[in-house]
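Heads up: the structure comes next, in structure tokens.
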Amino acid sequence: MEWKGIAAASGYAMGPAFLLEEEKVAVQKQTLSPDQVGAEVERFDSKVTQAIQELEVIKEKARKKLGDEEAEIFSAHILVLNDPEYIGAVREKITNEYINAEAALQEVTDNFIAIFESMDNEYMRERAADIRDVSSRVLHRLAGIEEKSLDDVSEPVVMIAHDLTPSDTAQLNRDKVAGFATNIGGRTSHSAIMARSMEIPAVVGLKNIVEQVKTGDYVVVDGSQGVVHVNPDEVTVASYKEKQRHFAARQAELNKLKDAHSVTADGHRVELVSNIGNPLDAVGAKKNGAEGIGLYRTEFLYMGRNEFPSEEEQFEAYKSVAEMFDKESPVVIRSLDIGGDKELPYLDLPKEMNPFLGYRAIRLCLDRTDIFKVQLRAILRASIYGNVKLMYPMISSLAELREANKVLDEVKDELTSKNIPFNRNMEVGMMIEIPAAAIIADQLAKEVDFFSIGTNDLIQYTMAADRMNERVSYLYQPFNPAVLRLINMVIQAAHKAGKWAGMCGEMAGNLTAIPILLGMGLDEFSMSASSILPARALMHRLSQSEVKPLAERVLQMESAEEIVRYVEESVPAIAELM
Ligand code: PEP
Ligand code: MG
């Protein structure tokens, strides 16, 4: 039997299944008398304290086994248990509604989870798993039940679970757990992130794998394709053993490139950096050999909450990412890109006919300078902790760029007058994601330090094809000649003005696009962490003297299909690394 899910951590694993049954705590609501309420709040508080102490121990274990960065997941859990909004809401419920701690915790948790899960953003939706993990720990303490530990496992098995919480995952012993498969989860759930960093092949989001497998069944996990085989025949097992050998050899080769330069065979150096949504992602970026951060999507910090993040909170987040890298490595922080498909519940904006063409990103920030200035202050203050650069999203004209810089100057003056330190030479750049900006790139280039091409949006605006509408996806094509010509124009305009040009749209990590972009002279490639090592391996096998004429030739071609075919035939290494 074969089951399809989401490929969460690549590689192949096989072995007997081990089902991790969840010992669910059955919560019963009880009414308290007013004089019992005080003791109940105390009982709740003491279990929260106990859970925090346990998490400190797990955090230390994780630090020893996995390193500082993974341990930070548990700092996040500890923060949840110290969060006055969450814990305070439970206390209030006990006190105001005269109910037992278990029921109050369950109700408050369900509310929080519902809010997170209703968000459009996948990353925020998956944070619900963290709250579930933390609340389950406290519920078990309240009920006096010991949770089943994965340490019980004595031989290499394939773990099958409804969901693996981050604390389950951190306690996994790599020698005993060959791989895992879960009913729920997505690529950015914490357990998937950790599986990738522990290099445990994993498939998540299988919907009902728990119901299909018994402990002892022979299971194959194909974490590269997102497939699970239950009791497969011998031929299938043999073919997976072969794939496993092949994969291990390839990974070992790629890992050797972790600290290598991103340089072509004929010595042309570029920068390979990563896109992140929060400080935790920067950990994965470093592990995969990122030379810095090319796009920090700060809007995630604003989502999944009821009010704007304070200047202090933003400063801490930006500073923590800056400090993860050495002083030379760039950390490009993009100012708030909210609006379009990304809404903030506490920013009550009227519904628009065309949100992607509406009040979003820099347009909103220039209108709401109160919001914009808080963020600029936080970024400027963080700028002394590393090689921080600021980048504006969605600039469409010179006037907008100048206005944004004017606000930035006002904030700098304010910090200066208060003697608050910041890097006066911080580079300021802009994204090129609107065709109008690409067309006047020569004018814009004179007034910025760099460009970063946002192809995710640039393609949709150039082709008038919504990036989320699968019916027009045949038009949403990075290799479309019009898109490639615009990209080339932008890179040449930057270079003519003596500025550098990067790309942080998904296209930058596309192996077929890399030879073309290198040939056009792109200086910086920013991509998701797992694309970095294959991209670096490809670059090592290309030479500038070959890709330059390749790009020139491609710019004369007439269709995306022709371009893809030509590049893939000219560069056999692409197929080998895919
Ligand atoms: C882009 O548009 O290419 C980009 C990187 O920004 P986002 O995907 O956040 O819109
Ligand atoms: Mg964009």
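The values are calculated or read from the model by the stated rules, or taken from the named source; none is laboratory data. What you see is a predicted model; the values in this text were computed from it and never measured. Neighbour counts run over all protein chains shown; Cβ positions are idealised from the backbone, glycine included.
Filter region 222-241 down to the residues that are among the charged types (D, E, K, R) and not in a loop (DSSP other than H, G, I, E, B), then identify the one that is nearest to P201 (Cα to Cα).
Quick first cut of region 222-241, residues among the charged types (D, E, K, R) only: 222, 233-234, 241.
Narrowing further to those that are not in a loop (DSSP other than H, G, I, E, B): 222, 234, 241.
On the way: D222: 7, E234: 21, K241: 14 Å.
Selected residue: D222.
Suppose we filter A361, A322, A378, A382 for residues that are on the phi > 0 side of the Ramachandran plot and crowded, with 22+ Cβ neighbours inside 10 Å; which single one remains?
Among A361, A322, A378, A382, only A361 is on the phi > 0 side of the Ramachandran plot and crowded, with 22+ Cβ neighbours inside 10 Å.
Are there any pairs, at least 6 apart or on different chains, whose C-beta atoms fall under 7 Å, with the first in region 389-418 and within 16 Å of ligand 2 (Cβ to nearest atom) and the second of a type in the set (K, R), and if so, which?
M391/R334; P393/R334; M394/R360; M394/R363
Looking at region 552-569, is at least one residue surrounded by 22 or more Cβ atoms within 10 Å (Cβ to Cβ), touching a residue at least 12 places away in the same chain (Cβ under 8 Å) and under 22 Å from the mean Cα position of the chain (by Cα)? Working first, answer last.
Filtering region 552-569 for residues surrounded by 22 or more Cβ atoms within 10 Å (Cβ to Cβ) gives 554, 563, 567.
Among the residues that remain, those that are also touching a residue at least 12 places away in the same chain (Cβ under 8 Å) are: 554, 563, 567.
If we keep only those that are under 22 Å from the mean Cα position of the chain (by Cα) as well, we get none.
Within region 552-569, not a single residue is surrounded by 22 or more Cβ atoms within 10 Å (Cβ to Cβ), touching a residue at least 12 places away in the same chain (Cβ under 8 Å) and under 22 Å from the mean Cα position of the chain (by Cα).
When region 450-484 is examined, which residues are found to be surrounded by 18 or more Cβ atoms within 10 Å (Cβ to Cβ) and more than 15 Å from ligand 2 (Cβ to nearest atom)?
If the condition is that a residue be surrounded by 18 or more Cβ atoms within 10 Å (Cβ to Cβ) and more than 15 Å from ligand 2 (Cβ to nearest atom), then F450, Q477, F479, N480, L484 are the ones that fit.
Name the residue, out of L295, L336, that is modelled with pLDDT of 95 or more, crowded, with 20+ Cβ neighbours inside 10 Å, out of contact with any strand residue (DSSP E or B) (no Cβ under 7 Å at 6 or more places or on another chain) and among the aliphatic types (A, V, I, L, M).
Within the list L295, L336, the selection yields L336.
Pairs, please: C-beta under 9 Å, at least 6 apart or cross-chain, first residue assigned to a helix (DSSP H, G or I) and in region 310-331, second modelled with pLDDT under 95 and of a type in the set (G, A, S)?
Filtered contacts from region 310-331: S320/A282; V321/A282; M324/A282; M324/A285.
Name the residues in region 355-374 that are part of a helix (DSSP H, G or I), touching a residue at least 24 places away in the same chain (Cβ under 8 Å) and within 16 Å of ligand 1 (Cβ to nearest atom), would you?
F356, A361, I362, R363, L364, C365, listed by residue number.
Can you find a residue that is of a type outside the set (A, V, I, L, M, F, W, C), more than 27 Å from G289 (Cα to Cα), more than 22 Å from the chain's Cα centre (by Cα) and assigned to a loop (DSSP other than H, G, I, E, B) anywhere in region 524-543? Walk me through it before giving the result.
First pass over region 524-543, keeping only residues of a type outside the set (A, V, I, L, M, F, W, C): 524, 526, 528, 530-531, 534, 536, 540-541, 543.
Those left that are additionally more than 27 Å from G289 (Cα to Cα): none.
Scanning region 524-543 turns up no residue that is of a type outside the set (A, V, I, L, M, F, W, C), more than 27 Å from G289 (Cα to Cα), more than 22 Å from the chain's Cα centre (by Cα) and assigned to a loop (DSSP other than H, G, I, E, B).
What are the residues in region 380-402 that are assigned to a strand (DSSP E or B) and under 22 Å from I338 (Cβ atoms), if any? Even if it seems obvious, please write down each step before you answer.
Taking region 380-402 and keeping what is assigned to a strand (DSSP E or B), we get 387-392.
Matches in region 380-402: V388, K389, L390, M391, Y392.
Consider region 332-354. How many of its residues are basic (K, R) and free of Cβ contacts under 8 Å to residues at least 60 places away in the same chain?
Of all residues in region 332-354, those basic (K, R) come to 334, 342, 351.
If we keep only those that are free of Cβ contacts under 8 Å to residues at least 60 places away in the same chain too, we end up with 351.
Residues meeting the conditions: 1.
Would you point out the residue of region 426-449, among those that are within 15 Å of ligand 2 (Cβ to nearest atom) and over 16 Å from V483 (Cα atoms), that is surrounded by the most Cβ atoms within 10 Å (Cβ to Cβ)?
M430
So, restricting to strands (runs of 3 or more DSSP E) that lie completely within region 1-119, which ones have at least 2 residues that are modelled with pLDDT of 90 or more?
Fully inside region 1-119 and qualifying: 2-4, 12-19.
Do we find that I333 is among the β-branched types (V, I, T), touching a Lys or Arg at 6+ places or on another chain (Cβ under 8 Å) and over 30 Å from N255 (Cα atoms) in this structure?
No, not satisfied.
So, in region 427-446, exactly how many residues are touching a strand residue (DSSP E or B) at 6+ places or on another chain (Cβ under 6 Å) and among the aliphatic types (A, V, I, L, M)?
Adding up the residues that qualify gives 5.
Test of understanding: among A501, A573, which residue is within 16 Å of ligand 1 (Cβ to nearest atom) and either of a type in the set (A, V, I, L, M) or over 30 Å from the mean Cα position of the chain (by Cα) (or both)?
Selected residue: A501, the only one of A501, A573 that is within 16 Å of ligand 1 (Cβ to nearest atom) and either of a type in the set (A, V, I, L, M) or over 30 Å from the mean Cα position of the chain (by Cα) (or both).
Would you check if K256 is within 24 Å of G11 (Cα to Cα), surrounded by fewer than 17 Cβ atoms within 10 Å (Cβ to Cβ), touching a residue at least 24 places away in the same chain (Cβ under 8 Å) and of a type in the set (K, R)?
Judged against the criteria, K256 is not a match.
Only residues that are surrounded by fewer than 14 Cβ atoms within 10 Å (Cβ to Cβ) and among the polar types (S, T, N, Q): list them for region 1-35, please.
Correct list: Q28, Q30, T31, S33.
To keep it simple, each residue is scored yes or no on (1) within 16 Å of F18 (Cβ to Cβ); (2) of a type in the set (G, A, S).
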site	(1), (2)
N183	yes, no
A195	yes, yes
P201	yes, no
V230	yes, no
D233	no, no
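For V448, all conditions in the list (1) touching a Cys at 6+ places or on another chain (Cβ under 9 Å); (2) within 20 Å of E400 (Cα to Cα) hold save one; what is the number of the exception?
If we test V448 against (1) touching a Cys at 6+ places or on another chain (Cβ under 9 Å); (2) within 20 Å of E400 (Cα to Cα), just (1) comes out false.
Okay, residues lined up against (1) among the small types (G, A, S); (2) modelled with pLDDT under 95; (3) surrounded by 23 or more Cβ atoms within 10 Å (Cβ to Cβ); (4) in contact with a Phe, Trp or Tyr (Cβ under 6 Å, 6 or more places away or on another chain):
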site	(1), (2), (3), (4)
S197	yes, yes, no, no
I200	no, yes, yes, no
K214	no, yes, no, no
V221	no, no, yes, no
Q225	no, yes, no, no
A238	yes, no, no, no
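I'm trying to understand the selection: among the residues of region 430-450, which are outside any helix (DSSP H, G or I), within 16 Å of ligand 1 (Cβ to nearest atom) and over 22 Å from the mean Cα position of the chain (by Cα)?
The answer is I434, F450.
Taking region 188-221, which residues are under 19 Å from the mean Cα position of the chain (by Cα) and assigned to a helix (DSSP H, G or I)?
Across region 188-221, the qualifying residues are H190, S191, A192, I193, M194, A195, R196, S197, M198.
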